[in-house]
Structure formats: C-alpha cells, structure tokens
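Colleague: Pasting in a structure now, in structure tokens, and then I'll have a few things to ask.
Values in this text are rule-based calculations from the coordinates and carry no lab data. Keep in mind the model is a prediction, meaning the values are calculated, not measured. All Cβ positions, even for glycine, are placed from backbone atoms using ideal geometry, and neighbour counts span all protein chains on display.
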Amino acid sequence: MSHPYDLLVAGEINPDLILSGDVEPAFGQVEKVVDSAVLTVGSSSVIFACGAARLGLRVAFIGKCGDDLFGRFMLEEMRKRTVDTSPVIVDPLLSTGLTVILNKGDDRAMLTFPGAIGALRADEIPDDLLRRARHLHVASYFLQDALRPGLPDLFRRARALGLTTSLDTNYDPTERWEGLDQLLPLTDVFLPNATEACALTGVPDVEEAAARLARIVRVVAVKLRAEGALGVQGEQMARVPSLPVAVVDTVGAGDNFDAGFLYGYLHGWPLERALRLGTVCGALSTRAAGGIAGQPTLDEVLTYLG
C-alpha cells in the first residue's frame, strides 16, 4: 500500500519568543535590556515535524490553533518547510498559545501561555487520515490535556491500520509523571531524555532506566544532551557521543534528535547508526537561535556519519 505521508504528527501549535542575553528578570518595575528577541517556530511537535521534513520525510500535521496572528504565523512557517498543514483545525474561538524562552545559551527557562496547545482531541483524528501515513508521532504528552486521555485508543487505531508509533513525553510540569501505563505498551519508539527516563522509572541510573523501558516498548532512545544518546532495542544497548558544536541556542535540540532518529528507524537503520543520526541532527540544530533555523539537511548530516 502506498502512503502519501511517512509521518503524521499530532501535536501542539505555538510560536516561541526567544529573549537572549541577561534574561533573568528583576521585579519591582526594573527594566532590563536583552541582546536579542526572535519570534520563531515553537512547540516540540512542530519543530520535530519541520526537522523531519528537512531530512526529506513526507510529513503531515494535525493540531489546533486560533485564527489569529500567532496561528497564521505557525501555519505559514510549516508550509514553507513542506509540512502539509491541511489537517490542522483552525478554531476562531481559541487563542494560539505562546512560549517565551529566556535563553542563556547553554540553559533556558520557559514561560508558556497554553491557549489552544492542549485543545486537540484524539477523536478529531480520523482513520482516513491515519491510513495515509506510515508512522504516527506524538510529543508534549503532558501539555496536551484534551489529547492525552484518548491517546491509548488513538495508538490502537493507528497500529490496527498498520502504522508504527512514537512518543516523546517532554517534561511534566507537575512532576508527577503519571498516566503512561496504558500508552507505553502501544508505543514502538519512546524518545525521553535522561531526566524523563529516570523520573518515569523511578531509578537514578539512566542505563537501567532505559533497559526497564525497553521491556515495555520496542525501541528506547534516550537523549543525554552533551553526552550524546543511549538506545536499547531488545537485548541490544548502544551508546553514541554527541557532536561538538559552538552552541548558540539549545531550543529544539531534543526534537531534532527525534527527527533524525526516526528517519533512521523508518529506513530500517541499525540502532547505533540511527542514534548517531539523531545526535548529529540535535547538535547541528543548536547552531542558530530557535528550533528550526539550524536544522540540517540529510546530505549535511551524512557528511558527519561517514
């Protein structure tokens, strides 16, 4: 069966306003001057979708946004990067969300206005759309309030229609790390970072955490930031180093890792090579402000893989 899309991404839609420099606010009506302000594509799901499309995958996106300036900005930016936004639900009664990122180069803080970020429901994703894709990816699990309860059923529907599935929970603002018991067994590729993997399993050692998760899902790829990545598939464990780069902004590095790793996974690459592709994509994305400006092409990435 021929599929128009390699990937269907179900996720949140919001831009990022990135403030860089001396960004720690001082209250008491103190005004501070920062080095730069950039409005760019935000949301883990959209950054991932754009990164996957940049590598050459055929990507469609479903989410919700308002009929407002931020929503129109996001849709136009996705279209520029060949992401098919025709499934997106534009609701004039909603306001598109926004994240303000206080960027210090190697670290950041985020302030998010949720808006429509958590508005998409699983029952708004029809089987006809699922049938058009090979793989379904979901990110920002803990932010997608309306989608979260229906995700086990959505993943079951996707698998029944022949899709593989992947999940990147991202950070849980409540730090409770609950609700994944039904979803993880329906997940083919799980993409946490080290903090998330350890929090979800309750063990401090990342290798042990990854091994435990791999008993539930088919493939686990754990992002280790500057230390690279760790993967487990069945009895196989692989670890790869990061690519040293001059870091401008780490926003979206994990999402770009996901795009690279899933490119390798969907093309049947061995675990270690897919991990290397992910780490290179994540590292190169930090060369510019925001999550998309530094996204590499496949040809560029392959020069680092040999």
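Colleague: Please arrange Y263, Y304 by how many other C-beta atoms lie within 10 Å of their C-beta, fewest to most.
Modeller: Placing the least packed residue first, the sequence is Y304, Y263.
Colleague: Within segment 37-66, name every residue whose backbone N is under 17 Å away from a label modeled 7 Å from Cα of L17 along the Cβ vector.
Modeller: Residues 37-43, 66 qualify, since their backbone N sits under 17 Å from the label point.
Colleague: Specify whether the C-alpha gyration tensor of segment 1-118 places it in the rounded, prolate or oblate class, a ≥ b ≥ c being the square roots of the eigenvalues: rounded for a/c under 1.5, otherwise prolate if a/b is larger than b/c and oblate if not.
Modeller: Note, shape of segment 1-118 comes out prolate.
Colleague: At most 15 other Cβ atoms within 10 Å and a DSSP loop assignment: could you name the GluC sites (Glu not before Pro) in segment 1-97 that fit?
Modeller: Those satisfying the criteria are E31.
Colleague: Moving to a separate point now. Which whole DSSP H helices in the chain pass both tests: a Cα extent of 24 Å or more along the axis and a mean Kyte-Doolittle value no lower than 0.5?
Modeller: none
Colleague: Nearest-5 percent of antiparallel DSSP beta bridges in the chain?
Modeller: Here the antiparallel bridges make up roughly 45 percent for the chain.
Colleague: Mean residue ellipticity at 222 nm from the helices of the chain, using -39,500 (n - 2.57) per DSSP H segment of n ≥ 4 over the full residue count, to the nearest 500 deg cm²/dmol?
Modeller: Helices in the chain give a 222 nm mean residue ellipticity of -8500 deg cm²/dmol.
Colleague: Assign one of three labels to segment 116-180, namely rounded, prolate or oblate, based on the Cα gyration tensor with a ≥ b ≥ c the square roots of its eigenvalues; rounded applies when a/c is under 1.5, prolate when it is not and a/b is larger than b/c, and oblate otherwise.
Modeller: It is prolate, given that a/c is not under 1.5 and a/b is the larger ratio.
Colleague: Tell me which label goes with the value of Kirkwood radius over Cα pairs in Å computed from the coordinates here: (i) 20.7; (ii) 19.9; (iii) 19.3.
Modeller: Answer label, from the structure shown: (iii).
Colleague: Ranking E175, E208 by Cβ neighbours within 10 Å, fewest first, what do you get?
Modeller: Taking fewest neighbouring Cβ atoms as first place, the list is E175, E208.
Colleague: Taking θ as phi - 60°, what are the ³J(HN,Hα) couplings along segment 55-60 by the Karplus curve (6.51, -1.76, 1.60), each to the nearest whole Hz, with x for Gly and Pro?
Modeller: Running phi through 6.51 cos²θ - 1.76 cosθ + 1.60 with θ = phi - 60° gives 7, x, 6, 8, 10, 10 Hz.
Colleague: Determine the relative contact order of the chain: mean sequence separation of Cα pairs under 8 Å and six or more apart, normalised by residue count, in whole percent.
Modeller: 17 percent
Colleague: Order these by the 10 Å Cβ neighbour count, fewest first: H135, H267.
Modeller: H267, H135
Colleague: Hey, another quick one. Give me the distance between the Cα centres of segment 83-123 and segment 243-299, rounded to whole Å.
Modeller: Each part's Cα centre sits 22 Å from the other's.
Colleague: Ok, one more. Averaged over all directions, how much area does the convex hull of the C-alpha atoms of segment 96-232 cover when projected, in nm²?
Modeller: Quarter of the Cα hull surface area: 9.0 nm².
Colleague: Could you give the length gained by full extension between T297 and T82, i.e. 0.36 nm per residue of separation minus their alpha carbon distance, to one decimal place?
Modeller: Stretched out fully, the T297 to T82 stretch lengthens by 76.1 nm.
Colleague: Here's another thing I want to ask about it. Taking 7 Å along the Cα-to-C-beta vector as the label spot, tell me the D107-W269 distance in nanometres, rounded to one decimal.
Modeller: Here the modelled spin labels are 3.2 nm apart.
Colleague: Next question, about the same structure. Testing the spin-label approximation: label points 7 Å from Cα along Cα→Cβ at E207 and L305. State their distance in nm.
Modeller: That separation, rounded to one decimal, is 2.6 nm.
Colleague: Moving on to the next point. Check which residues have an amide H placed less than 5 Å from D249's amide H, if you skip close sequence neighbours.
Modeller: A288
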